[in-house]
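I have placed the structure first, in the form of structure tokens, so that the comments after it can refer back to it.
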Amino acid sequence: MKKIVFYIVLSSIMSSIITIAAYKKYAKEEPILFPYTSSLAKTKLTSSDSSSLVSSAGFPDFTRVVSKTIHAVVNIKNYSKKYNNQFDPFDFFFGFPEDFGPHRGKKPQKNDIPGLHGSGVIISPDGYIVTNNHVIRDAEKIEITLSDQRTYKAKLIGTDPSTDISLLKINEKNLPFIYFSDSNKVQVGEWVLAIGNPFDLNSTVTAGIISAKNRSLGILRGETQSAIESFFQTDAAVNPGNSGGALINTNGELIGINTAISSASGNFIGYSFAAPSNLVAKVVKDIKKYGTVQRAYLGVRGIDLSKTEYLKAYNKETHQNIKSQQGFLIGEVFEKSGSADAGLKKGDIIKSIDGKSIQNIADLSFIVGTKYPGDKVKVNIIRNKQKKTFNIILKDLQGRTKIRTKEEITPSELLGAIFEPLNQESKKDFGIDYGIRIVEIRTGRLSALGLEEGDIILSINGTKMKKPNDVDRVLKKYSGDVTIKSIKQNGQIYIAGFEMNN
């Protein structure tokens, strides 16, 4: 009897040791994902719950899905001194403060009236919120209103104009949030719900279907030359204020962030577009982990072969007779890129990457946009009517093939700018004896804050900027709120800020 008890106790101890060891190994190799993904969800609807999607009358019923997601969509107000009446391709998503509400017809003074309205999605219980970059662009203050009307000041964690995605943070815990789903599994024709704040009407839900996938609209190319567009097209009604809101499936999982509508009037006329969740998740993870998006590039420029007008012009210029088809025609291969190293050439037609068919430029930009520098991809092409396969190692814009840690990325890179000392003439013109001028601006914190080439940075966190390396000296290893004081080219003093994590 004693032997039996001994073996039982020994077995329990060994089992515990193995379990702990396995857990430690798993925890080390597989940390909890951020953003939260549906694989971790315990509230996901199962097939046995599918009846909840149909009412007793036989019509679609999304009440259960809405009840578990609607409280995770927030209202975002962008307070900014920057104000003009020029047309912006995204304006119809904000809502226009001069057209609605008690401030109709009045210009905002300072930053006490929100210039822009939009939506956002809580993606973790500790207050991380994803929205569109254009919703918070140029913001001096960002205010978040939850569905229960609690309000918070949000911090800008990071932004990516290439995908029009930004990450915010509010100081709160135990918040409702929405799990990410695998957007690659989304099918044309499936039901989807759009949740947002159209015309500043909080917590509005509309339903529709996925009308098409991998749409490239060209709306982000004015923001950056490295734009990645591969939108879901839906007929779920969205209007001004929906931008940054959630597009969810019937399991209540996030499959996209509503970004744009096709409209001549500014109001919904049939189609809306959302950035797919897999691309959003990649951007959010990079911003949180590295402070900036770790972007890989194939290193080619070319023509979408589904665009017949461009193809006709190319055939005329090159005296060829390439037919309209699915694929991407390479017009230029950049020197020292992964494609150049592997041997791709002008005139090659890319047909697939990693076994995934390339029908148009949206397919190409999405697949590469979810990759990292150093990733290897298998590219199938047609060259002189012959099929060929190339293995390509992707690089970043500087030709690097590895992911850079936060320690390797300088504050100036995070800000996304190159600076020069202010000359005496400029000092005299503006009546100052210090400052550094932005001579080149790229995707980064400063562009998200609305700063431009030619603007002058006066101080960072109260420290006067006299030479370019002052930026790195002040911000190196710094964590917390960053306040930047600058002079715009028109002489206006501009103060804005964001949060830097190290």
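Amide H contacts under 5 Å for Ser352: Ile358, Asn380, restricted to partners 5 or more places along the chain or on a different chain, H placed in the peptide plane at 1.01 Å from N. Specify the inter-centroid distance of the stretch 300-339 and the stretch 159-200, based on alpha-carbon positions, in whole Å. Between the Cα centres of the stretch 300-339 and the stretch 159-200 lies a distance of 34 Å.
Shown are Glu229, Glu452, Glu407, whose ranking by accessible area with a 1.4 Å probe and every protein chain present, most to least, is Glu407, Glu452, Glu229.
Spin-label model, Thr463/Glu420: points 7 Å from Cα along the beta carbon direction are separated by 2.4 nm.
The residues neighbouring Ala207, those whose beta-carbon lies less than 14 Å from its own, together hold a net charge of -2 under the Lys/Arg +1, Asp/Glu -1 convention. With R₀ fixed at 45 Å, the C-beta to C-beta distance from Val188 to Arg404 puts the FRET efficiency at about 0.75. Sorting Thr159, Thr483, Thr292 by solvent-accessible area of protein heavy atoms yields Thr483, Thr292, Thr159, largest first, with a 1.4 Å probe.
Ranked by solvent-accessible area (1.4 Å probe, protein heavy atoms only, all chains present), the residues Lys476, Lys68, Lys466, Lys385 order from largest to smallest as Lys385, Lys466, Lys476, Lys68.
Residue-wise HN-Hα couplings along the stretch 131-139, as the Karplus relation 6.51 cos²θ - 1.76 cosθ + 1.60 with θ = phi - 60° gives them from phi, are 8, 8, 4, 5, 6, 10, 4, 6, 6 Hz; Gly and Pro carry x.
Straightening the chain between Asn174 and Ser67 buys 36.8 nm, computed as 0.36 nm per residue apart minus the Cα-Cα spacing. For a modelled paramagnetic label at His319, 7 Å from Cα along Cα-to-Cβ, the residues of the stretch 295-311 in reach, with backbone nitrogen under 20 Å, are 311.
Compute the relative contact order of the stretch 363-502 as a whole-number percentage, counting only Cα pairs closer than 8 Å that sit 6 or more residues apart in sequence. Numbers along the way, then the final one.
Values: 226 pairs, mean separation 23.1, N = 140.
Normalised by residue count, the contact order of the stretch 363-502 is 17 percent.
Solvent-accessible area of Val192, all protein chains in place: 0 Å² (probe radius 1.4 Å, heavy atoms, ligands and nucleic acids excluded). Using heavy atoms of the protein chains and a probe of 1.4 Å, the accessible area assigned to Tyr372 is about 50 Å².
Taking all protein chains together and rolling a 1.4 Å probe, Arg437 ends up with roughly 50 Å² accessible. Contact order, relative form, for the stretch 153-203: 21 percent (alpha carbon pairs under 8 Å, 6 or more residues apart, mean separation divided by residue count).
Across the stretch 272-277, coupling constants 3J(HN,Hα) worked out from phi with the 6.51/-1.76/1.60 Karplus curve, θ = phi - 60°, read 9, 9, 9, 6, x, 4 Hz, and Gly and Pro carry x. Net charge of the neighbourhood of Ile142, taken over other residues with C-beta under 9 Å away and scored Lys/Arg +1, Asp/Glu -1, is +2. Of the GluC sites (Glu not before Pro) found in the stretch 139-199, those that fall in a DSSP loop while having at most 16 other beta-carbon atoms within 10 Å are Glu172, Glu190.
Our estimate of slack between Gln492 and Lys289, defined as 0.36 nm per intervening residue step minus the Cα-Cα distance, is 69.6 nm. Only Cα pairs under 8 Å and at least 6 apart count here; give the relative contact order of the stretch 224-347 as a rounded whole percent. Averaging sequence separation for qualifying contacts and normalising by length gives 18 percent for the stretch 224-347.
The values are calculated or read from the model by the stated rules, or taken from the named source; none is laboratory data. Model, not experiment: these values are computed from the prediction. A quick note on method: Cβ atoms are made from the backbone with ideal geometry, for glycine too, and the neighbour counts reach across all protein chains shown. The area values use the complete protein model at the heavy-atom level, side chains included, leaving out ligands, DNA and RNA. Shrake-Rupley method; radii C 1.70, N 1.55, O 1.52, S 1.80 Å.
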